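Structure first, commentary second.
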Amino acid sequence: MNNKIYDKKTDKNLLKLLIIYGVLIAIFIIYDFLEINLPMYLKYVVLFISCIIMVIESVKLVKSKKHIRIYPIVSTLLLVITLGFNYTGFIKTVGEYTVKSTDLSKVYIDGLKVGDSLEKFNNKKYTFTDRYSNDNYNFIYEEVMISEKDNKINKIFGHADQVDISINGYKAIKSLDDVVSRLGNNYVKVTYDSEQLLKQYIYVDRKNNIKVSFIYREYFEGKASDQLEYVIISKRS
């Protein structure tokens, strides 16, 4: 009788574990394949809760007497893979929600900022290109990429060496030193692209619902560098 009760509990633990597998698969499909525009914090909240449940249920299964210990092993591998792939994104999301707010209302790329009317964007001054394909932007040029929503600029991506970046009236922003000396030290430092050795300083303005990413190549020709490569101004998700 006790064995039957114990087996039922084990079966329930296994069912919970299988459901978590399904949740993780669904999250990756929604965010990484379908790229549905949902808040990123929601992804990491679900992943965090799922990982905790996975650990608890795996421990229970390991303690069971049934020969199904392959499931805890699979769970452990899946947990390591999940944390590995999402480590940078998790740190970035947590950092953005905990870092102190900075006034970014006077950060511009070629005189443009998030919230400006699309009519202010003069596309004739830029070089059209079809080299890039990015569904996140409506207008793609060699120098900048623009995303619009409701006829207003929602996101701006600029190549630092091809656009004018200005902060609080200062127009010669070319390096991280230029950025930090004008915006301060309340930023989140995370990887932007590990293959290209690109990192970023992210500043958040909660009052104006803006964030700015200053992207730089950590090393150039074997030497440490703080020269900006790209700048992204966007609405906070």
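The values are calculated or read from the model by the stated rules, or taken from the named source; none is laboratory data. From a predicted model like this one, the values you see are computed outputs, not experimental measurements. No Cβ is skipped: glycine too gets one built from the backbone with ideal geometry, and neighbour counts run over all protein chains shown. Each accessible area value is taken on the protein alone, full model and side chains, heavy atoms only, with ligands, DNA and RNA left out. Shrake-Rupley method; radii C 1.70, N 1.55, O 1.52, S 1.80 Å.
Taking residues in segment 93-108 that are assigned to a loop (DSSP other than H, G, I, E, B) and at pLDDT 95 or above, and partners anywhere that are open to solvent by 60 Å² or more (accessible area, probe 1.4 Å) and among the hydroxyl-bearing types (Ser, Thr, Tyr), the pairs with Cβ atoms closer than 8 Å and at least 6 places apart or on different chains are THR102/TYR187.
Selection of segment 140-150 for residues being part of a strand (DSSP E or B) and out of contact with any Gly (no Cβ under 7 Å at 6 or more places or on another chain) yields ILE140, TYR141, MET145, ILE146, SER147, GLU148, LYS149. Highlighted here are the strands (runs of 3 or more DSSP E) found entirely within segment 151-200 that include at least 2 residues which are within 22 Å of ALA224 (Cβ to Cβ) and either out of contact with any Lys or Arg (no Cβ under 8 Å at 6 or more places or on another chain) or open to solvent by less than 20 Å² (accessible area, probe 1.4 Å) (or both): 188-193.
May I ask you to list the residues in segment 47-65 that are open to solvent by less than 40 Å² (accessible area, probe 1.4 Å), modelled with pLDDT of 70 or more and out of contact with any Lys or Arg (no Cβ under 7 Å at 6 or more places or on another chain)? Working first, answer last.
Applying the first criterion (open to solvent by less than 40 Å² (accessible area, probe 1.4 Å)) to segment 47-65 yields 47, 50-51, 54, 57-58, 61, 64.
Among the residues that remain, those that are also modelled with pLDDT of 70 or more are: 47, 50-51, 54, 57-58.
Matches in segment 47-65: LEU47, SER50, CYS51, MET54, SER58.
Identify the residue in segment 113-141 that is of a type in the set (A, V, I, L, M, F, W, C) and free of Cβ contacts under 8 Å to residues at least 60 places away in the same chain and, among all such residues, is most open to solvent (accessible area, probe 1.4 Å). Quick ask: steps written out before the conclusion?
Let us first name the residues in segment 113-141 that are of a type in the set (A, V, I, L, M, F, W, C), namely 114, 118, 121, 128, 139-140.
Okay, now just the ones that are also free of Cβ contacts under 8 Å to residues at least 60 places away in the same chain, so 118, 121, 128, 139-140.
On the way: LEU118: 29, PHE121: 21, PHE128: 151, PHE139: 63, ILE140: 28 Å².
Here the answer is PHE128.
For segment 206-229, the count of residues that are open to solvent by 40 Å² or more (accessible area, probe 1.4 Å) and under 24 Å from GLU119 (Cβ atoms) is nonzero.
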